[in-house]
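The values are calculated or read from the model by the stated rules, or taken from the named source; none is laboratory data. All values reported here derive from a predicted model rather than from experimental measurement. Because the Cβ atoms are built from the backbone with ideal geometry, glycine has one as well, and the counts that use them run over all protein chains shown. Side chains included, ligands, DNA and RNA excluded: accessible areas come from the protein's heavy atoms. Shrake-Rupley method; radii C 1.70, N 1.55, O 1.52, S 1.80 Å.
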Amino acid sequence: MCHFPVRDRSHCQSGSDVGLWRTFHPTGWRSLNFRRIIVFRTTKASTLPVGRALSDTTTGPAWVKGLLSNDPGMLRSLYAEHFPTVRAMVLQNSGSANDAQDIFQEAIAVLWLSVKEGRIIPEVDPGGYLYRVAKNKWLDTVRSAAHKHMKVVHDERTLERPSDVPDDIEERIVRLRGVYEKLDDKCRTVLDRFYFERKDLSTIAEELGVEEESIRTIKYRCMMKLRAFRNVIRGEEHEV
Amino acid sequence: MSKAPLDKATFEAIEAYVLGRMSATERDAFEQRLVLEPDLRAELELGREHIRAVELGGLTRTLRTIAEQENASGSQGGSGWGRYIAYAASIALLVSVAIWWAARPPLNERLYAAHFTPDPGLPVAMSATDDHVFADAMVYYKEGRYGEAAQRWAPLLQQDPSNDTLLYYTAMVELVNGDAGSAMARLASVSDGSSTFKSRARWYLFLIHVKRNEIEQARALQLGTDTMYGERALRILSQLGE
């Protein structure tokens, strides 16, 4: 997907691990449900302008490549480097260590999906981005009825969502999780290893002690189950 | 989008395209199909979303695992910079304790500091004394304004140099101000007579000797028999190794 911040959308071009289809948003980030699809031809990576969307696993900063390939080492590194700052912010604002863990994991998910969908520019500082997202989410929590008794120490922020965080991204995460929850454990075991861990069929078959063809069939059937819930992910009222 | 089942071959073609596992030739051919087949485009979008949902599930699971490991390592004494900071803090604390231990005052001075408190002063009844200058000075003394008290007592002491009350309280001010030498002379004068301040003067003399580490002189005062200060004096001497 080719989603650029409004200031950069004129650079929308093709070339990625997820295909050459690009979605252009004429009215910015709020137009997800009304977008039109335009097919662009492939351009060489070297011709892509600075500030392009991130979706190519062979270019960009290491943290971007790591997130695009679901590298657990990069996730661990981001956690170790940036969690302490978020933890301190949450603890200073009446939260617990567990609250900090939850908030940081949600922030990582937002960063990950933004990178996956090319909705973040490579020059962004991942630590600053995670902090802004986490802070925003925590302030939402603090403002909620259940936490009205909390005292917010650092409240100098603007109340608006950070400008570089797409405002529909959290809604998409909720919908994607809703779809994933439809899967049973057997499907999750196979699909996780194939799509998230990027293992090949023979490796998964060996790990699970079954034939490779069985894994192929399980994978197909499980994905067809998800297909049955396609309208859930699109937010439509009725399944087709 | 078609409601018909998606055949396995088309599904796997979409999957290979989304995961970037097609050759350039296969990709070009697939893209030509995409231009011509709207249903295939819709299936591609849907397949991409489903793969994203599975990836997000894997991400969530992985993050939980990392968090659990972080918590476990944290409960075992922290990790990374936190552990180094903890080590540094421990070392700094040990160094501070060592410096404090090496630089702390000797035992005799610490005992003096522990036991010395200025005499609380005499009660001053309003309008019940003819000596207003002395009474005013005593009020200053009791308020801790020792300099002002001494300033007012000085001319009185010049007029009556043997006055035990003036000698004693002037000595108190000198002790508070760290002038043990001057205080010692005045206290010795008081302790030699039959003053009501005699016992107290001897106690302060004893403390001055302790402070100066003049243990023999302190012991020579034989304060152990004093009903008021005997027990404390003996304890101090004991601590000093006497």
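Can you compute the FRET efficiency between residue B:71 and residue B:9 using 1/(1 + (r/R0)^6), with r the Cβ-Cβ distance and R0 = 41 Å? Round to the nearest 0.05. Let's see the in-between values first.
Details: r = 46 Å, r/R0 = 1.12.
About 0.35, to the nearest 0.05.
What the phi angles of the stretch B:88-98 give under the Karplus curve with 6.51, -1.76 and 1.60, with θ = phi - 60°, is a coupling list of 4, 5, 5, 5, 4, 5, 4, 5, 4, 5, 5 Hz, glycine and proline written as x.
Applying the Karplus relation 6.51 cos²θ - 1.76 cosθ + 1.60 with θ = phi - 60° to the stretch B:133-142 yields 3J(HN,Hα) values of 5, 4, 5, 4, 5, 5, 4, 4, 4, 5 Hz, where x marks Gly and Pro. With a simple spin-label model that places each label point 7 Å from the Cα along the Cα-to-Cβ direction, the separation between residue B:24 and residue A:217 comes to 3.8 nm. Just checking the listed ones, B:180, B:201, B:102: in the Gaussian network model of chain B with Cα springs under 10 Å, the one fluctuating most is B:102.
Counting Lys and Arg as +1 and Asp and Glu as -1 over every other residue whose Cβ lies under 12 Å from the Cβ of residue A:101, the net charge comes to -3.
In a fully extended conformation the segment linking residue B:188 and residue B:213 would gain 7.2 nm over its present Cα-Cα distance, using 0.36 nm per residue.
Just want to confirm a number: the relative contact order over chain B, from Cα pairs under 8 angstrom separated by 6+ residues, in percent.
Values: 157 pairs, mean separation 29.0, N = 242.
Once normalised by length, the contact order is 12 percent.
Near residue B:209, once Lys and Arg are set to +1 and Asp and Glu to -1 for all other residues with Cβ below 11 Å from its Cβ, the sum equals +2. Can you give the local net charge around residue B:186? Use residues other than it whose beta-carbon is closer than 14 angstrom to its beta-carbon, Lys and Arg +1, Asp and Glu -1. Around residue B:186, the charge tally is -3. Is chain B best put as rounded, prolate or oblate by its Cα gyration tensor, with a ≥ b ≥ c the root eigenvalues, rounded for a/c under 1.5, and otherwise prolate when a/b is larger than b/c, oblate when not? It is prolate, given that a/c is not under 1.5 and a/b is the larger ratio.
Taking B:188, B:42, B:88 in turn, the Gaussian network model of chain B (Cα-Cα springs below 10 Å) assigns the largest fluctuation to B:42. Cβ-Cβ distance of residue B:122 and residue B:100, R₀ of 41 Å, FRET efficiency by 1/(1 + (r/R0)^6): the value works out to about 0.55. Computed from the Cβ-Cβ distance with R0 of 30 Å, the FRET efficiency linking residue B:232 to residue B:89 stands at 0.15. Computed from Cα atoms, the angle from the helix B:146-159 axis to the main principal axis of chain B rounds to 10 degrees. What is the angle, in °, between the Cα long axis of helix B:164-176 and the longest principal axis of the Cα atoms in chain B? Nearest 10 is fine, range 0 to 90. Around 30 degrees separate the two axes. Using a 1.4 Å probe over protein heavy atoms, the accessible area lost on pairing B with A, summed over both chains, comes to approximately 4800 Å².
Sorting A:63, B:100 by accessible area (1.4 Å probe), largest first, what list results?
Of A:63, B:100, the descending order of accessible area is B:100, A:63.
Here each label is just a point 7 Å from Cα along the line to Cβ, and for residue B:177 and residue A:208 those points are 9.3 nm apart. Placing unit charges on the Cβ atoms only, positive for Lys and Arg and negative for Asp and Glu, gives the stretch B:103-242 a dipole magnitude near 500 debye about its Cα centre. Helix B:24-36 and the longest principal axis of the C-alpha atoms of chain B enclose an angle of approximately 80°. Spin-label pair residue B:240-residue A:225: with each label point 7 Å from Cα along the Cα-Cβ axis, the two points sit 8.9 nm from one another.
When the C-alpha to C-alpha distance is required to be over 27 Å, the pairs from A:199/B:8; A:137/A:186; A:65/A:182; A:135/A:182; A:182/B:8 that qualify are A:137/A:186; A:65/A:182; A:135/A:182. Taking B:14, B:85, B:215 as the candidate residues, the one with maximal mean-square fluctuation in a Gaussian network model of chain B, Cα springs under 10 Å, is B:14. Taking the stretch B:8-45 and a reference point 7 angstrom along Cα→Cβ of residue A:197, no backbone N atom is nearer than 13 Å.
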